[in-house]
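Okay, so here's the structure we're looking at.
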Amino acid sequence: MECRVGCAACCIALSISSPIPGMPNGKPAGVRCVQLTPDGRCRLHGSPEKPVVCVRLEPNEEMCGHSCEEAMAYLEALERATQPDCGQGASARGEPSHRAS
């Protein structure tokens, strides 16, 4: 599958922990990568400076869906689902508590 021209959902929705030229501390989720052109293309495509995580991310039907909106929704949900717990309990995540009474 080829990337949908102008979509760039993966370059916006996902966090990237490795350095990116222009973003030395990586990129937080929901922030547009500084390497995206106005028309949603990667300035680093084919460059050795492109982060490995970006190089390895390949478009597929499940991730990309049938529209940019579907791709963004899927990737935002994936980002939320893979966030570290940061020591918060089940109730802080909105999950039921299973403590014995």
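The values are calculated or read from the model by the stated rules, or taken from the named source; none is laboratory data. Values in this document were obtained by computation on a predicted structure and should not be read as measured data. Note that each Cβ is placed from the backbone with ideal geometry, even for glycine, and that neighbours are counted across all protein chains shown.
Tabulated values for the structure
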read-out	value
Residue check for Glu58: within 13 Å of the chain's Cα centre (by Cα) and at pLDDT below 95	yes
Every pair of residues 6+ apart whose Cβ atoms lie under 8 Å, when the first sits in the range 40-69 and is at positive phi while the second is not in a loop (DSSP other than H, G, I, E, B)	Gly40/Cys11; Gly65/Ala71; Gly65/Ala73; Gly65/Tyr74
Inter-residue pairs, beta-carbon under 6 Å, first polar (S, T, N, Q) and in the range 6-25, second surrounded by fewer than 13 Cβ atoms within 10 Å (Cβ to Cβ), 6+ apart	Ser15/Pro28
Helices (runs of 4 or more DSSP H) fully within the range 1-76 counting 2 or more residues that are surrounded by 12 or more Cβ atoms within 10 Å (Cβ to Cβ) and among the β-branched types (Val, Ile, Thr)	52-56
Residues that are out of contact with any helix residue (DSSP H, G or I) (no Cβ under 8 Å at 6 or more places or on another chain) and within 22 Å of Tyr74 (Cβ to Cβ), drawn from the range 21-38	Gly26, Lys27, Pro28
